[in-house]
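Asks: A single structure is presented below for examination.
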Amino acid sequence: MDKVVDLREAVGELVRDGISVALEGFTHLIPSAAAHEIIRQGKRHLTLIRMTPDLIYDQMIGMGCADKLIFSWGGNPGVGSLHRFRDAIENGWPRPLEIEEHSHAGMANRYVAGASNLPFAVLRGYVGTDLPEVTETIAPVRCPFTGEQLMAVPALNPDVTIIHAQQADRKGNVAIWGITGIQKEAALAAERVIVTVEEVVEKFEPKPFQIVLPSVAVDAVCAVPGGAYPSYAHGYYPRDNTFYEEWDGISREREKFLQWMERHVLEVEDYASHLKSIRKEEVIKA
Amino acid sequence: MSAYTADEMMSIAAARELKDGVVCFVGIGLPSEAANLARKTHAPGAILVYESGAIGARPEVLPLSIGDGELAEYADSVVSVPEIFNYWLQAGRIDVGFLGAAQIDRYGNLNTTVIGDYRTPKVRLPGAGGAPEIAASAKEVIVMLRHKRRAFVERLDFITSVGHLEGGESRKGLGYPGAGPVAVITDLGVLRPDPESRELTLTALHPGVSVDDVQRETGWKLRVSEDLETTEPPAREELEVLRELKARTEASRKGAGRITG
């Protein structure tokens with residue numbers, strides 16, 4: 001079965017208003033192109049899930065796509081604040097944003113439980129912090145064998161998980177190498193999975209620290225070269241640190257942010273035109 | 001001896017805390033700078049672990065983010081995020097956790113979540129990330145932050161990561177394997193917990209800094225050790241290596257992502 005489809009079609013069909021969506025990536029391979037497609041298609045009332053919501057979550061939140069965010073660290077790595085994320089939490093702009101906040105260990109284990117079809121995961125953490133007071137999805141549990149008091153967190157099962165990878169074949173097997181983060185667990189925990197890739201290939205070559213997500217776990221493969229920019233795709237292009245720094249200025253004021261989104265996301269066809277419109281298409285040359 | 005800045009003194013003092021061969025869980029920013037300085041000077045055998053999954057990372061330039069390609073490129077291994085937190089951190093394989101924070105209190109508890117009320121925050125900070133479990137499970141924790149009155153507060157707005165909780169034996173009651181903070185390194189000096197009360201005590205001043213300077217930037221009545229020491233100023237090699245590392249990082253950052261093949 002050929003799973004290669006157009007990104008617009010995949011997002012249009014699978015990402016419905018009101019569902020929960022995880023666009024995962026731990027600094028590496030962030031599915032930026034898919035987030036832009038969600039914004040362009042005007043998706044609303046989403047519950048967004050991500051360990052490290054970054055620029056694309058700032059964009060989706062600022063464009064009013066999200067009602068709720070489940071996360072563990074929301075910042076612009078090495079730069080500072082996510083201004084749209086902060087504006088939504090501090091001032092309810094453009095709409096109030098409900099938050100469900102965990103630690104990385106909590107989120108990682110929630111995905112593991114989700115991928116394992118278990119109702120919850122157990123970890124040694126959270127005790128003594130203020131997180132259990134503000135987050136309902138953290139609760140104490142006692143080990144039935146040793147009596148040790150531990151913390152439980154419920155499984156995360158996103159309606160749709162979207163990840164970006166280096167390569168896929170037409171059947172939908174997906175090859176990811178370098179830092180693979182939480183992508184495998186996020187994909188296996190989800191009802192449906194969209195994978196954008198740098199390229200569709202006939203056959204995978206072995207790479208250091210490579211994992212392969214088998215096709216049975218994947219619903220749609222979309223070829224989007226450069227689709228992780230301004231994050232990086234190991235073996236294809238480096239992280240554009242300068243863009244992360246520039247985002248601080250672009251996103252600080254509501255008006256400037258909206259104008260930028262209008263010009264570079266809403267008014268363009270697809271991610272290739274977005275990259276052209278921000279005049280960085282040369283970066284993406286493989 | 002060339003002059004040095006307070007920030008350089010802080011990084012060098014923090015680097016000196018790491019013994020050769022130590023397995024160190026490294027946060028991004030100041031801790032990453034200090035850990036890599038240690039690796040490039042007196043602790044070449046230090047194993048740096050980053051929460052993105054890189055174990056035994058040997059970055060030539062300092063990563064801007066916790067998952068930069070630089071970390072995977074020269075690592076002993078790269079594992080998934082659940083493995084890092086479960087098999088490495090929670091399992092007790094980390095000797096030292098190296099953390100930063102927005103706020104710290106007298107018992108070394110840390111806040112990286114929010115300034116003001118949680119539901120109606122004055123400033124929403126990024127949040128917990130990996131810090132709560134690093135603070136819980138690393139055998140020892142070293143905290144690094146600039147010494148400012150707004151950071152060294154009488155009462156945290158939010159406890160994101162536990163230090164010595166309310167002092168004394170109170171941390172023990174939480175059931176965590178790690179010993180908690182053993183040192184807080186700032187740009188003014190070094191604080192260590194009192195062996196009994198666990199209250200942070202000023203044990204060393206960096207050269208040219210007075211106790212009054214530190215008290216002025218501390219939001220509680222500071223305890224000062226009877227054996228207050230003065231930090232050894234940066235050695236030439238320490239300064240050279242630190243500056244080289246930062247210069248390489250700066251040069252690479254300017255070029256990264258804009259270079260075409």
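The values are calculated or read from the model by the stated rules, or taken from the named source; none is laboratory data. Quick caveat, the model's predicted, so the values are computed rather than measured. Every residue, glycine as well, gets a Cβ built from its backbone with ideal geometry; the counts of neighbours run over all protein chains shown. SASA here: full protein model, heavy atoms, side chains in, ligands and nucleic acids out. Shrake-Rupley method; radii C 1.70, N 1.55, O 1.52, S 1.80 Å.
Asks: Going by amide H atoms built from the backbone, whose H comes under 5 Å of the H on residue A:26, apart from near neighbours?
Replies: A:182
Asks: For the protein assembly as shown, what is the accessible area per residue in Å², given a 1.4 Å probe and the full set of protein chains?
Replies: Per-residue value: 38 Å².
Asks: Starting from the Cα of residue B:42, step 7 Å toward the Cβ, then list every residue of segment B:212-245 with an amide N under 12 Å from that point.
Replies: Those under the cut-off are B:232-235, B:238.
Asks: A further question follows. What number, in percent, do you get for the relative contact order of chain B if the mean sequence gap of Cα pairs under 8 Å and at least 6 apart is divided by its residue count? Intermediate results must be reported in sequence, preceding the final value.
Replies: Values: 553 pairs, mean separation 47.6, N = 261.
RCO, chain B: 18 percent.
Asks: So, one more: With θ taken as phi - 60° and the coefficients 6.51, -1.76 and 1.60, list the Karplus ³J(HN,Hα) couplings across segment A:95-102 in order, rounded to whole Hz; mark glycine and proline as x.
Replies: Using θ = phi - 60°, the values come out as 8, x, 10, 6, 10, 10, 10, 10 Hz.
Asks: Now for a different question. Report the residues of segment A:55-85 in range of a label on residue A:254: point 7 Å along Cα→C-beta, backbone N strictly under 19 Å from it.
Replies: Within reach of a label on residue A:254: A:58-68, A:82-85.
Asks: Moving on to the next point. Other chains near A:72-82: what is the mean number of their Cβ atoms within 10 Å of each residue's Cβ? Spell out each step's value before the answer.
Replies: Numbers: counts 7, 10, 5, 8, 3, 10, 10, 2, 1, 4, 2.
Taking all residues of A:72-82 together, the mean is 6.
Asks: Set the bar at 30 Å for Cα to Cα. Now go through A:184/B:40; A:171/A:207; B:122/B:148; B:122/B:221; A:68/B:122; A:68/B:221 and name every pair that lies beyond it. Write down the numbers at each step before the final one.
Replies: Values: A:184/B:40 34 Å; A:171/A:207 20 Å; B:122/B:148 18 Å; B:122/B:221 26 Å; A:68/B:122 20 Å; A:68/B:221 42 Å.
Distance filter (> 30 Å) returns A:184/B:40; A:68/B:221.
Asks: Now, a different point. Give, in nm to one decimal, the length gained when the segment between residue B:221 and residue B:76 is fully stretched (0.36 nm per residue of separation minus the Cα-Cα distance).
Replies: On the way: separation 145, 0.36 × 145 = 52.20 nm, distance 4.54 nm.
Answer, rounded to one decimal: 47.7 nm.
Asks: Add -39500 (n - 2.57) for each DSSP H run of 4 or more in chain B, then divide by its residues: what number comes out at 222 nm, to the nearest 500 deg cm²/dmol?
Replies: Values: 6 runs with 60 residues, N = 261.
-6500 deg cm²/dmol, from helical runs alone.
Asks: Okay, moving on. Put A:236, B:74 in order of accessible area, largest first, 1.4 Å probe: what do you get? Kindly include the intermediate steps, with their values, before the conclusion.
Replies: Details: A:236 40, B:74 110 Å².
Descending accessible area places them as B:74, A:236.
Asks: Residue by residue through segment B:144-149, what is 3J(HN,Hα) from phi via Karplus (6.51 cos²θ - 1.76 cosθ + 1.60, θ = phi - 60°)? Round to whole Hz and write x for glycine and proline.
Replies: Here the 3J(HN,Hα) series is 9, 7, 6, 7, 10, 4 Hz.
Asks: Now, a different point. Given H placed on each backbone N at 1.01 Å, which residues far from residue A:74 in sequence or on other chains put an amide H within less than 5 Å of it?
Replies: Those lying under 5 Å, H to H, from residue A:74 are B:127.
Asks: So if I place +1 on the C-beta of Lys and Arg and -1 on the C-beta of Asp and Glu, and nothing else carries charge, what would the dipole magnitude of the protein assembly as shown be about its Cα centre? I want it in debye, nearest 20. Mind dumping the intermediate values first?
Replies: Working: 59 positive and 77 negative charges, 67 e Å.
The dipole of the protein assembly as shown has a size of about 320 debye.
Asks: Next question. Quickly work out the residue B:6-to-residue A:266 label distance, labels modelled 7 Å from Cα along the C-beta direction, and quote it in nm with one decimal.
Replies: So the two model labels end up 4.6 nm from each other.
Asks: Report the FRET efficiency, 1/(1 + (r/R0)^6), for residue B:246 and residue A:205, where r is their Cβ-Cβ distance and R0 is 41 Å, rounded to 0.05. Let's see the in-between values first.
Replies: On the way: r = 37 Å, r/R0 = 0.89.
For R0 = 41 Å, the calculated efficiency reads 0.65.
Asks: Could you check how much of the accessible area of segment B:6-252 is carbon and sulfur, as a whole percent, using a 1.4 Å probe? Could you put the intermediate results ahead of the total?
Replies: Values: 4480 of 9280 Å².
So the carbon and sulfur contribution to the accessible surface is 48 percent.
Asks: In a shell of Cβ-Cβ distance under 11 Å around residue B:239, excluding residue B:239 itself, what net charge do Lys and Arg (+1) and Asp and Glu (-1) give?
Replies: Details: positive: B:236, B:243, B:246; negative: B:8, B:237, B:238, B:240, B:244.
Combined, the nearby Lys, Arg, Asp and Glu give -2.
Asks: Another question about this same structure. With just the Cα atoms defining each centre, how far is segment B:19-40 from segment B:104-142? Give it in Å.
Replies: Each part's Cα centre sits 20 Å from the other's.
Asks: Next up: Of B:114, B:190, B:153, which is farthest on the positive side of the dipole of segment B:6-252, counting Cα position, with +1 on Lys and Arg Cβ, -1 on Asp and Glu Cβ, and the Cα centre as origin?
Replies: B:114
Asks: Another one. For segment A:184-286, calculate the relative contact order in percent as a whole number, restricting contacts to Cα pairs under 8 Å that are 6 or more residues apart.
Replies: Dividing the mean separation by the residue count of segment A:184-286 yields 24 percent.
Asks: Another question about this same structure. Ballpark to the nearest 100 Å², how much total accessible area do B and A bury together, probe 1.4 Å?
Replies: Numbers: alone 12610 and 12810 Å², together 21000 Å².
Using a 1.4 Å probe, the pair buries roughly 4400 Å².
Asks: Right, something else. Under 5 Å between amide hydrogens, which residues at least 5 positions from residue A:223 or on another chain qualify, with H placed 1.01 Å from N in the peptide plane?
Replies: Those lying under 5 Å, H to H, from residue A:223 are A:5, A:197.
Asks: Relative contact order for segment A:110-237 using alpha-carbon pairs under 8 Å, separation at least 6, rounded to a whole percent? Mind showing how you got there, number by number?
Replies: Values: 256 pairs, mean separation 32.5, N = 128.
Value for segment A:110-237: 25 percent.
Asks: How big is the charge dipole of chain B about its Cα centre, in debye rounded to the nearest 20, if each Lys and Arg gets +1 on its Cβ and each Asp and Glu gets -1 on its Cβ?
Replies: Numbers: 30 positive and 37 negative charges, 144 e Å.
Roughly 700 debye, rounded to the nearest 20.
Asks: How high is the FRET efficiency between residue A:279 and residue A:16 when r is their beta carbon distance and R₀ equals 22 Å, given to the nearest 0.05? Show your work: numbers first, answer last.
Replies: Values: r = 34 Å, r/R0 = 1.56.
Calculated transfer efficiency: 0.05.
Asks: Per-residue Cβ counts within 10 Å, from other chains only, averaged over B:46-59: what number is that?
Replies: Numbers: counts 0, 0, 0, 0, 2, 8, 10, 8, 3, 0, 0, 0, 0, 0.
Counting other chains' Cβ atoms within 10 Å and averaging over B:46-59 gives 2.
Asks: Give me the distance between the Cα centres of segment A:156-228 and segment A:1-48, rounded to whole Å.
Replies: Segment A:156-228 and segment A:1-48 have Cα centres separated by 14 Å.
Asks: Oh, and also: Quantify how strongly other chains surround peptide A:237-244 by giving the mean number of their Cβ atoms within 10 Å of each of its Cβ atoms.
Replies: Values: counts 6, 9, 10, 3, 11, 6, 3, 3.
What the average comes to for A:237-244 is 6.
Asks: Also, quick follow-up: Can you tell me which of A:40, A:50, A:263 moves the most in a GNM of chain A? Springs connect C-alpha atoms under 10 Å apart.
Replies: Ranking A:40, A:50, A:263 by mean-square fluctuation puts A:263 first.
Asks: Please state the shape class of segment A:1-69: rounded when a/c is under 1.5, otherwise prolate if a/b exceeds b/c and oblate if not, all from the C-alpha gyration tensor. Show your work: numbers first, answer last.
Replies: Details: a/c = 1.77, a/b = 1.22, b/c = 1.45.
Oblate is the answer for segment A:1-69, as a/c is 1.5 or above yet b/c matches or exceeds a/b.
Asks: Tell me, which residues of segment A:90-118 get at least 10 Å² less accessible area when the other protein chains come in, versus the chain alone (1.4 Å probe)?
Replies: Listed by number, the residues meeting the 10 Å² cut-off are A:90, A:99, A:101, A:103, A:104, A:105, A:108, A:109, A:112.
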